Amino acid sequence: MAGRGQGASRWPGGAGEVGGRWRLILALGAAGLLLVLLSGLVGTGSPTPKAPARARPARPRVAAPAPAAPSDPVLAYEADLDAYVAGVLDQVAGAGKVWVAVTVARSPSRQLARDTSLSRQVQGGGVDTSEQQALAYGPGQVPVATGETAPPVVGAVVVAPGAESPAVRAELTQAVETLLGLAANQVFVLPGRRGADGG
């Protein structure tokens, strides 16, 4: 009996300490298993897509026209006029940030080169000279252009925050009439939103 007691004491701390170690090992194993399970629930790092929040529809805004395509000479010409006139009107005191839309009547007209041929005929005692003209053609039978005339401007719309003032509106109207050679009834000036230019 005494030998059994001595044999049991070979374990440091006795039987109670062995049980405490097993409990610690089991607790650590359970904690590791719990971490593995939780990492599976949390995911691999790719967030779950959320449904988009339903926002209140914004007020429609009038956007500036898109830049004209180089293949359309009318739109390109109008865009150039818009930028030119807006750049001038931006300098008018009290006008604020100005937006301009110019409208032209038709596409630019081209002047085409002509070949002229003279023919002389002797009739009786005199010489009869006649002149004939025909279009001049270049490579690929394309008519040769010698120049281009800009299409006439038929109207302009100006939007400026400062146009709320009758004096500023009158100055803007007169400036557009002068720049584009328009009559007063061909120019329409409207007050714009002050928030659009920070004024």
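Within segment 173-187, does at least one residue satisfy the condition of being modelled with pLDDT of 70 or more, surrounded by 11 or more Cβ atoms within 10 Å (Cβ to Cβ) and in a strand (DSSP E or B)?
Checked segment 173-187: at least one residue is modelled with pLDDT of 70 or more, surrounded by 11 or more Cβ atoms within 10 Å (Cβ to Cβ) and in a strand (DSSP E or B).
Tally up the residues in segment 118-134 that are surrounded by 10 or more Cβ atoms within 10 Å (Cβ to Cβ) and touching an Asp or Glu at 6+ places or on another chain (Cβ under 6 Å), please.
If we filter segment 118-134 for residues that are surrounded by 10 or more Cβ atoms within 10 Å (Cβ to Cβ), which is where we start, we get 128, 132.
Narrowing the set further to residues that are touching an Asp or Glu at 6+ places or on another chain (Cβ under 6 Å) leaves none.
Within segment 118-134, residues that are surrounded by 10 or more Cβ atoms within 10 Å (Cβ to Cβ) and touching an Asp or Glu at 6+ places or on another chain (Cβ under 6 Å) number 0.
One residue is enough: does segment 154-161 have a residue meeting the conditions over 29 Å from the mean Cα position of the chain (by Cα) and either exposed (fewer than 12 other Cβ atoms within 10 Å of the Cβ) or part of a helix (DSSP H, G or I) (or both)?
Applying the first criterion (over 29 Å from the mean Cα position of the chain (by Cα)) to segment 154-161 yields none.
For segment 154-161, residues over 29 Å from the mean Cα position of the chain (by Cα) and either exposed (fewer than 12 other Cβ atoms within 10 Å of the Cβ) or part of a helix (DSSP H, G or I) (or both): absent.
Out of everything in segment 64-95 that is modelled with pLDDT of 90 or more and among the small types (Gly, Ala, Ser), what residue ends up being surrounded by the most Cβ atoms within 10 Å (Cβ to Cβ)?
ALA95
Considering only segment 128-144, I want to know if a residue exists there that is modelled with pLDDT of 70 or more, touching a Gly at 6+ places or on another chain (Cβ under 7 Å) and in a strand (DSSP E or B).
Among the residues of segment 128-144, not one is modelled with pLDDT of 70 or more, touching a Gly at 6+ places or on another chain (Cβ under 7 Å) and in a strand (DSSP E or B), which makes the answer no.
If THR178 satisfies every condition in (1) closer than 21 Å to ALA83 by Cα; (2) touching a residue at least 12 places away in the same chain (Cβ under 8 Å) but one, which is the exception?
With (1) closer than 21 Å to ALA83 by Cα; (2) touching a residue at least 12 places away in the same chain (Cβ under 8 Å) applied to THR178, the lone miss is (2).
Which condition number in (1) within 21 Å of ALA184 (Cβ to Cβ); (2) touching a Ser or Thr at 6+ places or on another chain (Cβ under 8 Å); (3) part of a strand (DSSP E or B) is the one that VAL102 fails?
The one condition VAL102 does not meet is (2).
Out of all the residues in segment 162-196, which are of a type in the set (D, E, K, R) and under 25 Å from the mean Cα position of the chain (by Cα)?
Keep residues of segment 162-196 that are of a type in the set (D, E, K, R), which gives 164, 169, 171, 177, 193-194.
Correct list: ARG193, ARG194.
The values are calculated or read from the model by the stated rules, or taken from the named source; none is laboratory data. Computed from a prediction, not measured in an experiment: that's the story for all the values here. With ideal geometry, Cβ positions are generated from the backbone for all residues, glycine too; neighbour counts draw on all protein chains shown.
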